[in-house]
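Contents: one structure, followed by commentary.
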Amino acid sequence: MVRQAVIPVAGWGTRVLPATKSLPKPLLPVADLPTIYYVVEEAVQSGVEHIVFVTSRHMRAVEDFFDENPELTRTLEAKKNTAMLDRLHHIETMAHFSFVRQAQPLGLGHAVLMAREAIGHDAFALLLGDDLMWSPDGVPCLQRMIDVYNQRHASVIATMPVPDADVSRYGIIAGERIGPQLMQVRDMVEKPPLAEAPSNQAVVGRYVLTPEIFDILAHTPPGRGGEIQITDGLCSLLAQQPIFAYEFAGQRYDTGDTVGWLTTSIAYALRRPEFAPGLKAYLRTLDLAE
Ligand code: UTP
């Protein structure tokens, strides 16, 4: 059973500045909802009940988004906007939310370590807020990974094949295939040059981790970029326990840079019946020949 998730959101989001100078990156809108909503929704649809956000002092607005706002409630009640009241109530109650602070952005591995006390001794999901995973069959990527965890009782990381040109931007795994969408991991390398990459299976932003990762991260020194890297922690975990890779076959949207975020917003809005007609009508007027 995996009932808890960690979502680290303490980074600056330098690739989407200046938009993120005062607006936290997780709140950049995708259609009419903040990016982070879709990540939380995936966790909840996969059975997660408790979400631990790792935040920084710039991120108070993320807490506010998932908290009740009595003033706004009163305003919507006065306007008799029950549909929106119901939507907001759903967002505020979809999970139990906790917030822990990472005082300095010392790396993703360090951010995960900050959630240690809130999570305790259970296996947990780790979801990175930049990545939105679209499953055409409606079964969330994380749900499939939890299914693997329930069978194997070992950590599971999500991977997707990437083109050669992109290999050096990702953590890359080496492993052997043991099922149509399943590999047993043998090694992991963070952002290798193409010539040193053991495969083109890139780690994307979903993990199910056994709690032993916390002890390991507590003893992991800063690595690439002077940050405590989750990949280094996973390599140490691999020396102790098996790790499996679930190859996600749906569509991944990376909202972490400006073009990626704009693309995601258009793609998600086009899937919404209330926005699609107007947006399509506008897109059809564009001359995209250049
Ligand atoms: P990124 O490497 O994408 O960093 O972190 P970033 O700050 O979000 O974005 P750029 O590269 O500067 O544009 C991956 C995830 O890990 C979190 C980030 O918030 C993001 O969700 N993170 C990273 C932390 O919470 N703390 C850290 O120290 C580093």
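Residues in region 179-229 that are out of contact with any Lys or Arg (no Cβ under 6 Å at 6 or more places or on another chain), within 14 Å of the ligand (Cβ to nearest atom) and of a type outside the set (A, V, I, L, M): K191, G205, R206, Y207, T220, P222, G223, R224, G225, G226, E227, Q229.
Here is a yes/no grid of residues against (1) of a type outside the set (A, V, I, L, M, F, W, C); (2) over 18 Å from the mean Cα position of the chain (by Cα):
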residue	(1), (2)
Y207	yes, no
H219	yes, yes
G226	yes, yes
C235	no, yes
A239	no, yes
A245	no, no
D257	yes, no
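Take the conditions (1) over 15 Å from the mean Cα position of the chain (by Cα); (2) open to solvent by 50 Å² or more (accessible area, probe 1.4 Å); (3) not acidic (D, E); W134 misses just one of them, which is (1).
Every residue in region 83-96 that is touching a residue at least 12 places away in the same chain (Cβ under 8 Å) and either within 16 Å of the ligand (Cβ to nearest atom) or of a type in the set (A, V, I, L, M) (or both), please. Passing the criteria: L85, L88, I91, M94, A95.
Does region 1-10 contain any residue that is more than 16 Å from the ligand (Cβ to nearest atom), open to solvent by less than 20 Å² (accessible area, probe 1.4 Å) and touching a residue at least 12 places away in the same chain (Cβ under 8 Å)? Yes, region 1-10 has at least one match. Restricting attention to region 18-27, the residues that are among the hydrophobic types (A, V, I, L, M, F, W, C) and within 8 Å of the ligand (Cβ to nearest atom) total 0. For Y253, the criteria (1) part of a helix (DSSP H, G or I); (2) open to solvent by 10 Å² or more (accessible area, probe 1.4 Å); (3) over 17 Å from G107 (Cβ atoms); (4) in contact with a strand residue (DSSP E or B) (Cβ under 8 Å, 6 or more places away or on another chain) hold in every case but one, which is (1).
Would a scan of region 68-80 turn up a residue that is in contact with a helix residue (DSSP H, G or I) (Cβ under 6 Å, 6 or more places away or on another chain), in contact (Cβ under 8 Å) with a residue 24 or more places away in the chain and open to solvent by 60 Å² or more (accessible area, probe 1.4 Å)? Yes. Each residue in region 131-144 was checked for being touching a strand residue (DSSP E or B) at 6+ places or on another chain (Cβ under 6 Å) and in a loop (DSSP other than H, G, I, E, B), and 0 pass.
Applying the criterion of being within 16 Å of D254 (Cα to Cα) and within 12 Å of the ligand (Cβ to nearest atom) to the residues of region 28-66, the residue that is surrounded by the fewest Cβ atoms within 10 Å (Cβ to Cβ) is L28.
The values are calculated or read from the model by the stated rules, or taken from the named source; none is laboratory data. All values reported here derive from a predicted model rather than from experimental measurement. Don't worry about glycine lacking a Cβ; one is built from the backbone with ideal geometry, like all the others, and counts go over all protein chains shown. Quick note on the areas: whole protein, heavy atoms, side chains included, nothing else; ligands and nucleic acids left out. Shrake-Rupley method; radii C 1.70, N 1.55, O 1.52, S 1.80 Å.
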